[in-house]
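J.: My questions all concern the structure below.
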Amino acid sequence: MRRVRSGALALVGLLALTACGDSSGEAEVTDAAPAGATEPAEDAEGVAAPEPAEIRLWLNGADTPQELRDYLTATFAEQNPGSTLVIEEQDWNGLVPRLQTALTSTDQTPDVVEIGNTQAPTFTYAGAFADLTDLYEEVGGEDLLQGFVEAGSADGSVYALPYYSGARAVFYNKEMFAEAGVEVPTSLEEFTDTAVALQEANPAGTGSFSGLWLPGQDWYNGTAWVYEYGGDLAVQEDGSWVGGLSGPEAQEGLAVVQRLFTEATSAPVDADSNEPWVPFNNGEAAMFSAPTWARWSIDLPECNQGVAADDTSEEANALRAEQQACNEEKTGVFPLPGLEEGSVATVFAGGSNIAVPANSQHPELARNLLRIVFSEEYQTMLAENGLIPGNTTYTDAMGDDVYATAAVEAAVAAKLTPPAEKWADVEAARLLEDFFQQLAAGADVSEAAAETDRLIAETLQ
């Protein structure tokens with residue numbers, strides 16, 4: 001059973017996980033009111049209401065569309081008179097060290113944070129988040145994504161709630177498939193052969209064409225082959241976590257990944273999975289794998305209507321709709337197929353949790369924001385934008401088109417990273433990025449896996 005640490009030592013310990021921590025903001029977590037806090041006012045019904053304040057929400061990357069951010073800001077202000085919400089976007093790269101610094105400080109900590117589902121166990125275990133167990137039933141209970149609930153829980157209490165899931169599916173250029181004479185694959189072996197065939201055919205006629213856009217550091221997608229062949233990134237042995245990349249099943253899957261790196265992609269060896277639709281839009285790749293909300297980022301040159309981003313006129317909106325329809329006509333999507341003909345592969349379950357830091361100076365306002373996040377309106381908006389909402393009650397709002405179908409099929413078969421208490425340390429150290437980059441550079445699979453397993457075991461102790 002995981003035990004949640006409490007007090008300053010646990011949170012300060014987070015800083016020791018990386019070398020970039022700043023100890024200037026250390027603060028002990030106690031039950032006392034934050035510095036400068038005043039007695040709460042009462043509303044018309046005599047119920048204590050939090051003092052008006054500005055609260056900060058950290059959202060990561062561009063996964064949450066601007067429309068949803070605007071809704072949160074406006075609705076929070078409306079429901080909490082005198083208070084304001086400021087949304088601060090964080091880059092996924094380097095997020096863990098920034099959180100390790102910010103969450104130890106009452107001056108620096110945000111009031112609500114989005115955190116990757118793979119990172120949630122470490123911060124939960126360290127006592128970095130406030131207990132949200134009493135909100136669990138109110139915001140969805142058993143209808144919440146239970147794998148994500150588990151990632152944010154310890155000792156029978158819930159500290160980080162599911163925000164959204166985004167299992168990956170494969171996007172492809174229909175015209176390139178036709179020119180190369182290939183069809184949508186129905187097994188993982190066919191998928192590999194298709195990617196290689198596209199690379200060889202080079203229907204775009206470019207010097208750096210990729211049948212499949214697969215950068216060397218893209219462990220999010222590479223992990224699917226480990227999982228589908230029956231392996232894992234780490235496993236428990238005699239109560240301790242050890243690396244799992246050297247297992248025979250993982251090795252079999254990793255050999256296929258290395259073939260894709262060698263024969264099916266021209267993506268940079270030292271690049272990560274960020275914005276894979278960019279080379280796709282540029283005609284430099286026939287396929288890429290990403291959460292299905294990436295449909296809104298596809299912008300093929302032959303479809304682009306040249307509409308200015310700030311143009312909100314009816315004419316501009318009509319052109320955008322025409323542009324989107326063109327992009328979707330020329331682009332197909334399918335879940336990564338599994339080893340068995342007609343099955344779906346076990347892909348990495350991307351997505352986020354959302355939590356209130358233990359050092360938040362405005363915890364009640366932060367909880368009010370969570371109530372908005374888990375409202376029917378906001379959960380529906382997440383679904384309508386291709387994100388699998390934290391409350392599965394609203395997944396129907398994703399629709400029944402090919403994108404929604406692919407998302408749900410991929411999500412059903414998806415798998416999270418190992419629920420190790422220190423898994424965020426593995427990510428902070430970029431061990432998997434380094435490992436897959438070695439494979440992409442031609443390293444011996446067995447030797448690279450053995451060394452990475454050693455580092456994983458050392459990190460998880």
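J.: Residue under question is ALA404, and the condition is that it be in a helix (DSSP H, G or I), in the same structural domain as VAL139 (by TED's automatic domain parsing) and out of contact with any Asp or Glu (no Cβ under 6 Å at 6 or more places or on another chain); does it hold?
T.: Values: in a helix (DSSP H, G or I): yes; in the same structural domain as VAL139 (by TED's automatic domain parsing): yes; out of contact with any Asp or Glu (no Cβ under 6 Å at 6 or more places or on another chain): yes.
Considered against the rule, which asks whether it is in a helix (DSSP H, G or I), in the same structural domain as VAL139 (by TED's automatic domain parsing) and out of contact with any Asp or Glu (no Cβ under 6 Å at 6 or more places or on another chain), ALA404 comes out as yes.
J.: Condition (residue is surrounded by 17 or more Cβ atoms within 10 Å (Cβ to Cβ), in the same structural domain as VAL257 (by TED's automatic domain parsing) and among the β-branched types (Val, Ile, Thr)) applied to region 177-187: is it met by at least one residue?
T.: Yes, some residue in region 177-187 is surrounded by 17 or more Cβ atoms within 10 Å (Cβ to Cβ), in the same structural domain as VAL257 (by TED's automatic domain parsing) and among the β-branched types (Val, Ile, Thr).
J.: Quickly run through region 354-367 and pick out the residues that are within 21 Å of the chain's Cα centre (by Cα) and assigned to a loop (DSSP other than H, G, I, E, B).
T.: VAL356, the sole residue that qualifies.
J.: Could you tell me which of the residues ASN359, ASN391 is of a type outside the set (Val, Ile, Thr), in contact (Cβ under 8 Å) with a residue 12 or more places away in the chain, in contact with a helix residue (DSSP H, G or I) (Cβ under 6 Å, 6 or more places away or on another chain) and surrounded by 23 or more Cβ atoms within 10 Å (Cβ to Cβ)?
T.: On inspection, the qualifying residue turns out to be ASN391.
J.: Looking only at residues that are over 30 Å from VAL426 (Cβ atoms) and β-branched (Val, Ile, Thr) in region 70-88, which one is surrounded by the most Cβ atoms within 10 Å (Cβ to Cβ)?
T.: THR75
J.: Here is a further query. Can you name the residue in region 134-147 that is among the hydrophobic types (A, V, I, L, M, F, W, C) and at pLDDT below 95 and, of all such residues, is nearest to the chain's Cα centre (by Cα)?
T.: It comes out as LEU145.
J.: What residue, of GLY147, GLY140, GLY152, is at positive phi and of a type outside the set (Phe, Trp, Tyr)?
T.: GLY140
J.: State which residue is nearest to ALA457 (Cα to Cα) when the search covers only region 213-232 and only residues that are assigned to a loop (DSSP other than H, G, I, E, B), over 17 Å from the mean Cα position of the chain (by Cα) and of a type outside the set (D, E, K, R). So that I can check it myself, show each step before the final result.
T.: Of the residues in region 213-232, the ones assigned to a loop (DSSP other than H, G, I, E, B) are 213-218, 229-232.
Restricting the remaining residues to those that are over 17 Å from the mean Cα position of the chain (by Cα) gives 213-216, 229-232.
Next cut, of a type outside the set (D, E, K, R) only: 213-216, 229-231.
On the way: TRP213: 30, LEU214: 27, PRO215: 26, GLY216: 23, TYR229: 22, GLY230: 20, GLY231: 16 Å.
So the residue we want is GLY231.
J.: Tell me which of these ALA325 doesn't satisfy, since it passes every other one: (1) surrounded by fewer than 24 Cβ atoms within 10 Å (Cβ to Cβ); (2) touching a Pro at 6+ places or on another chain (Cβ under 9 Å); (3) not β-branched (Val, Ile, Thr).
T.: (2)
J.: Would you confirm, using the coordinates I've provided, whether ASP107 is free of Cβ contacts under 8 Å to residues at least 40 places away in the same chain, surrounded by fewer than 23 Cβ atoms within 10 Å (Cβ to Cβ) and closer than 15 Å to PRO357 by Cβ? Give the steps one after another, and end with the answer.
T.: Numbers: free of Cβ contacts under 8 Å to residues at least 40 places away in the same chain: no; surrounded by fewer than 23 Cβ atoms within 10 Å (Cβ to Cβ): yes; closer than 15 Å to PRO357 by Cβ: yes.
Here the answer is no, as ASP107 does not meet what is asked.
J.: Still on this model: Look at region 255-300 and say how many of its residues are at pLDDT below 95 and among the β-branched types (Val, Ile, Thr).
T.: Result for region 255-300: 1.
J.: Is one or more of the residues making up region 446-455 at negative phi, in contact with a Pro (Cβ under 7 Å, 6 or more places away or on another chain) and crowded, with 19+ Cβ neighbours inside 10 Å? First the steps, then the outcome.
T.: Filtering region 446-455 down to residues at negative phi leaves 446-455.
Subsequent filtering for residues that are in contact with a Pro (Cβ under 7 Å, 6 or more places away or on another chain) retains none.
No, region 446-455 has no match at all.
J.: Among the residues of region 176-193, how many are part of a helix (DSSP H, G or I), in contact with a helix residue (DSSP H, G or I) (Cβ under 8 Å, 6 or more places away or on another chain) and under 22 Å from ASN327 (Cβ atoms)?
T.: 4
J.: Could I ask something else about it? Under 7 Å by Cβ, and 6 or more places apart or on different chains, what pairs join a residue from region 306-321 that is touching a residue at least 24 places away in the same chain (Cβ under 8 Å) with one that is assigned to a helix (DSSP H, G or I)?
T.: So the pair list comes out empty.
J.: Please work out if ALA414 is crowded, with 21+ Cβ neighbours inside 10 Å, in contact with a strand residue (DSSP E or B) (Cβ under 9 Å, 6 or more places away or on another chain) and farther than 25 Å from THR292 by Cα.
T.: no
J.: Further, regarding this structure: Output the number of the condition that LEU370 fails; it satisfies all remaining conditions of (1) at negative phi; (2) in the same structural domain as ALA255 (by TED's automatic domain parsing); (3) over 17 Å from the mean Cα position of the chain (by Cα).
T.: (2)
J.: Further, regarding this structure: In region 134-170, how many are part of a helix (DSSP H, G or I), surrounded by fewer than 20 Cβ atoms within 10 Å (Cβ to Cβ) and of a type outside the set (Gly, Ala, Ser)?
T.: So the answer is 7.
J.: Output the number of residues of region 334-343 satisfying the condition of being within 24 Å of ARG295 (Cα to Cα) and either surrounded by fewer than 23 Cβ atoms within 10 Å (Cβ to Cβ) or in the same structural domain as GLU54 (by TED's automatic domain parsing) (or both).
T.: The number of residues fulfilling the criteria is 5.
J.: Give me the pairs, please: first residue somewhere in region 148-159 and modelled with pLDDT under 90, second residue anywhere and surrounded by fewer than 24 Cβ atoms within 10 Å (Cβ to Cβ), beta-carbon distance under 7 Å, and either six or more positions apart or on two chains.
T.: GLU150/PRO419; ALA151/LEU416; ALA151/PRO419
J.: So in region 372-388, with the set limited to residues that are over 20 Å from GLY116 (Cα atoms) and either among the charged types (D, E, K, R) or at pLDDT below 95 (or both), which one is surrounded by the fewest Cβ atoms within 10 Å (Cβ to Cβ)?
T.: That would be GLU377.
J.: For region 89-100, give me the residue count where each residue is closer than 17 Å to VAL426 by Cα and either among the charged types (D, E, K, R) or surrounded by 21 or more Cβ atoms within 10 Å (Cβ to Cβ) (or both).
T.: Final tally of qualifying residues: 5.
The values are calculated or read from the model by the stated rules, or taken from the named source; none is laboratory data. Predicted, not measured: the structure shown is a model, and the values here were computed from it. Because the Cβ atoms are built from the backbone with ideal geometry, glycine has one as well, and the counts that use them run over all protein chains shown.
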